[in-house]
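Taking it in order: structure first as C-alpha cells, then the write-up.
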Amino acid sequence: MGYLFPGVKNKDMNSMLHFIRFCLHIHSPATQVTKQELRLLIKYAYHSNTIVELGCYEGNTTVALAKATQGIVYSVDPFTVGRLGISYGKIIATTHAKRSRVQNIQLIEKLSWEAAPTVQVPIDLLFIDAAHTYDAISRDWNDWTPKIRVGGHVALHDVRKAINSPYEVGFMQFFEQVVKDRDDYAEVEAVDSLAILKKLA
C-alpha cells in the first residue's frame, strides 16, 4: 500500500493508531506473553524481592510483575524510536504503570548488555525476553545469570514452539544446546513457550 502520509509507513501508522487507542483506553499494552505464561511468571514474582526483566516492550508484563512483588522490578529496554522519532513503547509502558498505580518499577533505558553492570543486587527472578538471536541470548545469559542468587529463578521466553512462538528462534537453539542439561540449573515448570529454571549452585 506504500506510504499513507509523507515519511510515514504502514508500520508507523499502525503503531500510532495503537497508541491513540491505548490513550483512549480502547487498547491494552501489547504483549507476546500468553495468559498462562503470565500466570506462571506472577507465581514466581510473589516470592521475589528483586526482579529483572530484559525486554519491557509496552510494560504489560512489567506492571503485572510489579503488582505481584513487594520488592522492585528493574525493566531493561532500549525503547527504540520509529521514523517519527517517538518510542510509543516507552510512553505506553510508563503510562500503563501510572494508570496501574505501581511505583516499584525502575526502567533502565539501555540495551541489556549495557545495563548489566548497573544492577549489582542479587536477583530473585530474572525474566529474559530481549533480542532473540542465539548470540544475544548467549550474551544475556552470561551477563545476567551470575547475578541470580542460589535458589532464585530464571524465566526464559520463546524456548519452545507454541502458539505465541511458532518459529525456530535463537532462544530455542540456545536452550537445547546450552541450558537444558546444565548441572547448576533445573527446570521446575513450563507452559507454552516459557520455561522456569531454578539456580542450584
Unsatisfied cross-links (Cα-Cα over 32 Å) in the set 11/198; 43/180; 98/180; 43/147; 67/198: 11/198; 98/180
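If we sort 89-95, 73-79, 195-201 on the protection proxy, mean other Cβ atoms within 10 Å, highest first, what's the order? Kindly include the intermediate steps, with their values, before the conclusion.
Numbers: 89-95: 19.4, 73-79: 23.1, 195-201: 17.6.
Those peptides, ordered most packed to least, come out 73-79, 89-95, 195-201.
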At 1.567 mPa s and 4 °C, Stokes diffusion of segment 1-116 via Kirkwood alpha-carbon radius, µm² per second: 86
Amide hydrogen neighbours beyond the local backbone of residue 123, cut-off 5 Å, H modeled: 148, 149
Positive-end residue of 41, 196, 97, charge dipole of the chain with Cβ unit charges: 97
Loop-located chymotrypsin sites (Phe, Trp or Tyr not before Pro) in segment 90-177, at most 16 other Cβ atoms within 10 Å (DSSP): 167
Potential extension, residue 98-residue 35 segment - 0.36 nm per residue separation minus Cα distance: 20.5 nm
GNM result for the chain, Cα springs below 10 Å: residue of 61, 118, 34 fluctuating most strongly: 118
Label-point separation, residue 168 to residue 201 (7 Å along Cα→Cβ), nm: 3.3
Amide H partners (placed H, <5 Å) of residue 71, local residues excluded: none
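Bear in mind these aren't lab numbers, they're just calculated from the coordinates by the rules spelled out. Keep in mind that this is a model prediction, so the values were computed, not measured. Glycine also receives a Cβ, built like all others from the backbone with ideal geometry; neighbour counts cover every protein chain displayed.
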